[in-house]
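Participant: Pasting a structure here, questions to come.
Any read-out appearing in this document is the output of simple, stated calculations on the displayed coordinates, not a laboratory observation. This is a predicted model, so every value here is computed, not measured. Here Cβ is always computed from backbone atoms with ideal geometry, including for glycine, and neighbour counts include all displayed protein chains.
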Amino acid sequence: MLNSITLQTPQTDNDWQNYFELRWKILREPWQQPPGSERDEFEENSFHIMAITQTGQAVGVARIHQLDHMTAQIRYMAVLDSLQGTGIGSLMLARLEKQAQDWKTKTIMLNARDTALEFYLKKGYIKLEATQTLYNRIPHTKMEKQL
Ligand SMILES: CC(C)(COP(=O)(O)OP(=O)(O)OC[C@H]1O[C@@H](n2cnc3c(N)ncnc32)[C@H](O)[C@@H]1OP(=O)(O)O)[C@@H](O)C(=O)NCCC(=O)NCCS
């Protein structure tokens, strides 16, 4: 499966539609949040990556943006439910980390859902502190990795 997945940055209107739709489907729809709630004010200044199958289906999305010249933040990592655990998240995370290195970032931070903590721990991120509980139901922990 994994060797038939490619990573690309969304380019066309159709790509962007698929990109945000998958982000919404995985990270917002299960909590009854409306389309549009999956976006923030940093989209235009972010580096985005999308994992697609050979037939062009979007199966993973992720984003990183610079907080300052030393620090970048990963947000909105999401893999299609049926393909979680098959390596797509690892592939995307490695690409985001490469982008951070190209920016000469020293530290990547993120706020992980507690259900995703193990994934980031396996990738060398360390836990800092509990942060917000999204929609009163999704606890998050601030994590970081030094590059
Ligand atoms: C978290 C997520 C992005 C990880 O992507 P993925 O493609 O499922 O992860 P991978 O298949 O690359 O997994 C890499 C390793 O992490 C482990 N892992 C992945 N997700 C995990 C989870 N939620 N809990 C425990 N371990 C997990 C895998 O078992 C694998 O372990 P291994 O290297 O020992 O085999 C994906 O599962 C997802 O979209 N989850 C739902 C949305 C979400 O929580 N996003 C993160 C918001 S902060």
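Participant: Over the chain, calculate the relative contact order: mean separation of alpha carbon pairs under 8 Å at least 6 apart, over the residue count, as a percent.
Facilitator: Computed value for the chain: 19 percent relative contact order.
Participant: While we're on this one: If you take every DSSP beta bridge whose two residues both sit in the chain, what share of them, in percent to the nearest 5, is antiparallel?
Facilitator: The antiparallel fraction comes to roughly 90 percent.
Participant: What list of ³J(HN,Hα) values in whole Hz, one per residue of segment 71-77 in order, does the Karplus curve 6.51 cos²θ - 1.76 cosθ + 1.60 (θ = phi - 60°) give from phi, with Gly and Pro shown as x?
Facilitator: Running phi through 6.51 cos²θ - 1.76 cosθ + 1.60 with θ = phi - 60° gives 10, 10, 10, 8, 9, 6, 7 Hz.
Participant: If you consider only alpha-carbon coordinates, what radius of gyration and Dmax does segment 50-147 have, in Å?
Facilitator: 13.6, 41
Participant: For the chain, give the magnitude of the charge dipole about the Cα centre (Cβ charges: +1 Lys/Arg, -1 Asp/Glu; no others), in debye to the nearest 20.
Facilitator: Rounded to the nearest 20 debye, it is 480 debye.
Participant: Once the dipole of the chain is set up with Lys and Arg at +1 and Asp and Glu at -1 on Cβ about the Cα centre, which of Thr115, Gln66, Gln32 lies farthest towards its positive end?
Facilitator: Of Thr115, Gln66, Gln32, it is Thr115.
Participant: Figure the gain on full extension for Gln101 and Thr12 (residue separation times 0.36 nm, minus the Cα-Cα span) and round it to one decimal in nm.
Facilitator: Working it through step by step, the gained length comes to 29.4 nm.
Participant: Just in segment 1-84: which trypsin sites (Lys or Arg not before Pro) are loop by DSSP and have at most 14 other Cβ atoms within 10 Å?
Facilitator: Answer by residue number: Arg39.
Participant: Find, among the GluC sites (Glu not before Pro) in segment 1-105, those assigned to loop by DSSP (not H, G, I, E, B) with at most 14 other beta-carbon atoms within 10 angstrom.
Facilitator: Glu41
Participant: With a Cα-only, solvent-free Debye model of segment 2-108, what are the log10 I(q)/I(0) values at q = 0.15, 0.17 Å⁻¹?
Facilitator: For segment 2-108, the Cα-only Debye profile gives -0.61, -0.78.
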